[in-house]
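The values are calculated or read from the model by the stated rules, or taken from the named source; none is laboratory data. Not measured: the values here are computed from a predicted model. Glycine gets a Cβ as well: all are built from the backbone with ideal geometry, and neighbour counts include every protein chain shown.
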Amino acid sequence: MENQGHYSFFQGVERNFDKAAKYTRFEAGILEQIKACNSVYRMKFPVRIGDNIEVIEAYRVQHSHHKLPCKGGIRYSMDVNQDEVMALAALMTYKCAIVNVPFGGGKGGIKIDPKKYTTFELEKITRRYASELVKKNFIGPGIDVPAPDYGTGGREMSWIVDTYASLKPGEVDALACITGKPVTQGGVRGRTEATGLGIYYGIREVVSIKEDMDKLGLTTGIAGKKVIVQGLGNVGYHAAKFFYDNGAIIVGLAEYEGGIYNADGLDLYKVVEHRKSTGSILNFAGATNMTNSYATMEQPCDILIPAALENVINEGNADRIQAKIIGEGANGPLTPEADEILGKKGVMIIPDMYLNAGGVTVSYFEWLKNLSHVRFGRMDKRFSENQNTSILNAVENLTGKKASDTERKQIQHGPEEADLVYSGLEDTMIGSYHEIRDEWVKLDRKVDMRTAAFVVAINKVGVSYEELGIFP
Ligand code: NAD
């Protein structure tokens, strides 16, 4: 997407960094190193598409090596360019630090419109990209571990891991070279919905704090909150689903073909069915069509979740946004100018590098699973169930009371992989929000949440660089 502001996307990230850096104690050199993109690999490679040879442009950026491997998604979009990949890689560094995932930031992209290719052609392009990464040592369980992003998913991750494994025969940890794989290919349960679920857990925590909600004129709790979501892809759909399932009212949904709005609420599942059968979210019974996805975001709501692309809220439309809370599902959906305009209006902006970190958090769990070669819960599920049964029996004997069948099932249940992943994610999103909010309160709420989040991230990465002892 075209940058609408005065800054490139990467410069925008740098600007936000600088705003926060003055609240940290690090000397200029360390700050400069944290900010810099360590390695930028731009590649061009030929792929035969039909009767022609197409020269494909692609990137992989490793923003920071203070922890290894580097981590970050791969996106397929015609908007991919070096500046964008650098900005997204930088955000990954700060994101990992915020949620205590021990990785440096990375990001990749192929400048293609995936809709224009057949599955076979996409596989060829993806495998070629993967082999270029192997050739230059830009992928590997301890080097750089990509994941899905805009325009990619489990299918692309499977092609990449397969290419990697065939070029590195016998590498026992090969599965850990990429995350976001389907469960049958070494993925972890809960990864697909992780980013959307993390957004839900994060916002649920935000709206649970009465003091902050009073200031916004909102009640606490998710139930009854009016929500608009832009983008019904992996992130947007799952975020909308968890809000909807937990009692929020989805009043607006926006996709690239336009948007729909109904102040009384939309049935999310019916909208998805409608889109499947008609190819569009438009003309959904009972809803008003919006001319485009921007107009949808400007409708009244409590919480707006932009979950499509960057720079969608900018100086051109920020003052028309009516939401009281903006939860950044996408990476960089607000330009620095929009940040300022909305900040002045008193809108609470929950920054991307915290809020959409659920994906990388669960990717970290997937990487751990791949390296340990065992499914989470396999060793302890049955043991916990036996223990729980013994405790329950003892309590029943002591009290003379019997648990109901439902209670018995709940108490006995030992942790399965999905339970552990969900609870690890929930704990991360809650804990990290409080780290950011504590910093925000410490700074007398004079800065926005994004700046507070940057301060938290810079402090962690800065200490890492200091401890690496690379500044003799
Ligand atoms: P996706 O490709 O699954 O979905 C993106 C959706 O946005 C698509 O449905 C697309 O049609 C829609 N879209 C495109 N242009 C639009 C427009 N102008 N208006 C409304 N909708 C539009 O991608 P995704 O994985 O959901 O990623 C979305 C954003 O979230 C990106 O910024 C990505 O970097 C970020 N993100 C993704 C993950 C992840 O785990 N997938 C993690 C963190 C952040």
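Residue by residue, here is whether (1) under 23 Å from VAL272 (Cα atoms); (2) in contact with a Lys or Arg (Cβ under 6 Å, 6 or more places away or on another chain); (3) modelled with pLDDT of 95 or more holds:
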{"site": "SER293", "(1), (2), (3)": "yes, no, no"}
{"site": "MET297", "(1), (2), (3)": "yes, no, yes"}
{"site": "ASN311", "(1), (2), (3)": "no, no, no"}
{"site": "ILE325", "(1), (2), (3)": "no, no, yes"}
{"site": "ALA330", "(1), (2), (3)": "yes, no, yes"}
{"site": "PRO336", "(1), (2), (3)": "no, yes, no"}
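Taking the stretch 296-311 as the range and being within 11 Å of the ligand (Cβ to nearest atom) and either in contact with a helix residue (DSSP H, G or I) (Cβ under 9 Å, 6 or more places away or on another chain) or in the same structural domain as MET92 (by TED's automatic domain parsing) (or both) as the test, the residues that pass are MET297, ILE305, PRO306, ALA307, ALA308, GLU310, ASN311. Scanning the stretch 312-329 for residues that are within 15 Å of the ligand (Cβ to nearest atom) and surrounded by fewer than 24 Cβ atoms within 10 Å (Cβ to Cβ) gives VAL312, ASN314, GLY316, ASN317, ILE321.
I need the full set of residues from the stretch 206-234 which are farther than 10 Å from GLY196 by Cβ, small (Gly, Ala, Ser) and within 16 Å of the ligand (Cβ to nearest atom), in order please.
Correct list: GLY231 only.
Counting the residues of the stretch 235-253 that are out of contact with any strand residue (DSSP E or B) (no Cβ under 7 Å at 6 or more places or on another chain) and within 9 Å of the ligand (Cβ to nearest atom) gives 3. For the stretch 345-354, the criterion of a residue being free of Cβ contacts under 8 Å to residues at least 60 places away in the same chain, within 12 Å of the ligand (Cβ to nearest atom), in the same structural domain as GLY198 (by TED's automatic domain parsing) and buried (at least 17 other Cβ atoms within 10 Å of the Cβ) is satisfied by no position. Do we have LEU197 as at pLDDT 95 or above, crowded, with 19+ Cβ neighbours inside 10 Å, assigned to a helix (DSSP H, G or I) and away from the ligand (no atom under 16 Å from the Cβ) here? No, not satisfied. In the stretch 126-140, the residues that are without any contact (Cβ under 8 Å) to a residue 40 or more places away in the chain reach residues that are hydrophobic (A, V, I, L, M, F, W, C) and surrounded by fewer than 18 Cβ atoms within 10 Å (Cβ to Cβ) with C-beta atoms within less than 8 angstrom, at least six apart or across chains, in these pairs: SER131/LEU167; VAL134/LEU167; ASN137/ILE143. In summary, ILE391 fulfils each of the numbered conditions (1) without any contact (Cβ under 8 Å) to a residue 40 or more places away in the chain; (2) buried (at least 23 other Cβ atoms within 10 Å of the Cβ) with the single exception of condition (2). Out of the residues in the stretch 81-102 that are in contact with a strand residue (DSSP E or B) (Cβ under 7 Å, 6 or more places away or on another chain) and among the small types (Gly, Ala, Ser), which is surrounded by the most Cβ atoms within 10 Å (Cβ to Cβ)? Result: ALA89. Among the residues of the stretch 440-471, those that are without any contact (Cβ under 8 Å) to a residue 60 or more places away in the chain, surrounded by fewer than 16 Cβ atoms within 10 Å (Cβ to Cβ) and assigned by TED's automatic domain parsing to the domain that holds ILE203 comprise VAL441, LYS442, ASP444, ARG445, LYS446.
Going by the structure shown, is MET78 surrounded by fewer than 19 Cβ atoms within 10 Å (Cβ to Cβ) and hydrophobic (A, V, I, L, M, F, W, C)? Judged against the criteria, MET78 is a match. GLY358 meets the conditions (1) away from the ligand (no atom under 16 Å from the Cβ); (2) touching a helix residue (DSSP H, G or I) at 6+ places or on another chain (Cβ under 6 Å) in every case but one. The failed one is (1). Of all residues in the stretch 63-107, which are under 16 Å from VAL456 (Cβ atoms) and of a type in the set (A, V, I, L, M)? Matches in the stretch 63-107: ALA90, LEU91, MET92, ALA97, ILE98, VAL99, VAL101.
Only strands (runs of 3 or more DSSP E) whose full extent lies in the stretch 1-99 are considered here, and the ones with at least 3 residues that are over 19 Å from the mean Cα position of the chain (by Cα) and not assigned by TED's automatic domain parsing to the domain that holds GLU310 are 39-49, 52-62. Scanning the stretch 2-48 for residues that are hydrophobic (A, V, I, L, M, F, W, C) and surrounded by fewer than 17 Cβ atoms within 10 Å (Cβ to Cβ) gives ALA28, ALA36, VAL40, PHE45.
A quick yes/no check of all residues on (1) buried (at least 24 other Cβ atoms within 10 Å of the Cβ); (2) touching a residue at least 40 places away in the same chain (Cβ under 8 Å); (3) of a type outside the set (Gly, Ala, Ser):
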site	(1), (2), (3)
THR152	yes, yes, yes
MET157	yes, no, yes
GLY170	no, no, no
ASP173	no, yes, yes
GLY187	yes, yes, no
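Looking only at residues in the stretch 139-176 that are in a helix (DSSP H, G or I), within 16 Å of the ligand (Cβ to nearest atom) and in contact with a helix residue (DSSP H, G or I) (Cβ under 6 Å, 6 or more places away or on another chain), the one that is farthest from TRP367 (Cα to Cα) is GLU156.
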